[in-house]
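Report on the following structure.
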Amino acid sequence: MANIKFLINSRIEILEDDKVYKSIIQDLTDGYIAISLPVREGMYMTPSQGERLEVLYYDSLNVYKFETVVEARSIENNIHQLLLGYPQNVVIVQRRRFVRVDVAFYVNCARVDKKGNKIELSSQQPFKGIMLDISGGGFRISTDYRLSLHDTIVTEIPSDNGNIEVVGEVVRLERAIDGKYLCGISYVEISERIRDRIIQYIFTLMRKQRKNV
């Protein structure tokens with residue numbers, strides 16, 4: 001069974017059907033994990049004592065999925081909490097950076113000049129592409145716009161919580177039979193906050209796709 005190293009103030013998510021409730025780890029003891037009351041779009045999840053929950057937990061490398069039982073509810077420092085038993089049936093869903101999902105939607109992009117660590121946004125050359133897949137490490141697009149290896153582009157990834165703007169480098173390039181350019185893009189200068197947004201968006205897409213199967 002995978003060994004999870006939980007950290008206080010880390011994000012944790014509770015799954016219910018196709019809904020995701022967000023929470024934060026408040027405390028850790030030998031007997032339980034205390035989390036803030038999970039919330040989704042302003043609505044709180046209030047499971048009963050003894051109820052089984054399905055959980056996702058993110059660390060710096062992996063995404064873990066496991067089951068747990070609600071041991072009790074409490075209030076500490078005016079924060080309503082769930083006390084969860086330690087994980088059962090733990091699996092590593094996939095290394096977080098490489099969780100990949102196939103997609104097909106239009107994205108707005110722009111090729112930019114990069115001088116050292118500075119991106120010259122004034123030299124933007126906008127174009128459109130079709131995103132073919134996306135992961136925590138990068139994505140693939142198909143485009144009519146001629147790109148070259150090591151070009152730097154800015155891309156707007158549309159998500160349910162607003163566009164996610166990322167900077168990437170073309171690390172793979174091939175020409176399709178129809179003449180389009182198929183480009184593998186690797187993120188550069190990406191913060192962990194933005195990567196977390198992307199990975200959360202990927203899991204939302206995966207849940208929607210499973211629901212539609």
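A few points about this structure:
- Candidate set from the stretch 39-64 (those that are part of a loop (DSSP other than H, G, I, E, B) and among the hydroxyl-bearing types (Ser, Thr, Tyr)); member that is nearest to Tyr201 (Cα to Cα): Ser60
- Of residues in the stretch 65-89 being touching a Phe, Trp or Tyr at 6+ places or on another chain (Cβ under 7 Å) and not in a strand (DSSP E or B), the one surrounded by the most Cβ atoms within 10 Å (Cβ to Cβ): Pro87
- Which numbered condition Ile190 misses (of (1) more than 20 Å from Val99 (Cβ to Cβ); (2) part of a loop (DSSP other than H, G, I, E, B)): (1)
- Selection of the stretch 168-194 for residues being closer than 17 Å to Met131 by Cα and either acidic (Asp, Glu) or in contact with a helix residue (DSSP H, G or I) (Cβ under 9 Å, 6 or more places away or on another chain) (or both) yields Glu169, Glu174, Asp178, Tyr187.
- Looking only at the stretch 1-16, and only at residues there that are assigned to a loop (DSSP other than H, G, I, E, B) and of a type outside the set (Val, Ile, Thr), the one that is modelled with the lowest pLDDT: Met1
- All conditions but one from (1) more than 30 Å from Leu149 (Cβ to Cβ); (2) modelled with pLDDT under 90; (3) outside any loop (DSSP other than H, G, I, E, B) apply to Gln94; the one that does not is (1).
- Selection within the stretch 17-38 - in a strand (DSSP E or B) and under 18 Å from the mean Cα position of the chain (by Cα): Lys19, Val20, Tyr21, Lys22, Ser23, Ile24
- Single residue of Asp144, Asp196 found to be under 25 Å from Val93 (Cβ atoms) and either surrounded by fewer than 16 Cβ atoms within 10 Å (Cβ to Cβ) or touching a Ser or Thr at 6+ places or on another chain (Cβ under 9 Å) (or both): Asp196
The values are calculated or read from the model by the stated rules, or taken from the named source; none is laboratory data. Note that the coordinates shown come from a computational prediction; the quantities given were computed from them, not determined experimentally. Quick reminder, even Gly has a Cβ in these numbers, built from the backbone with ideal geometry, and neighbours come from all protein chains shown.
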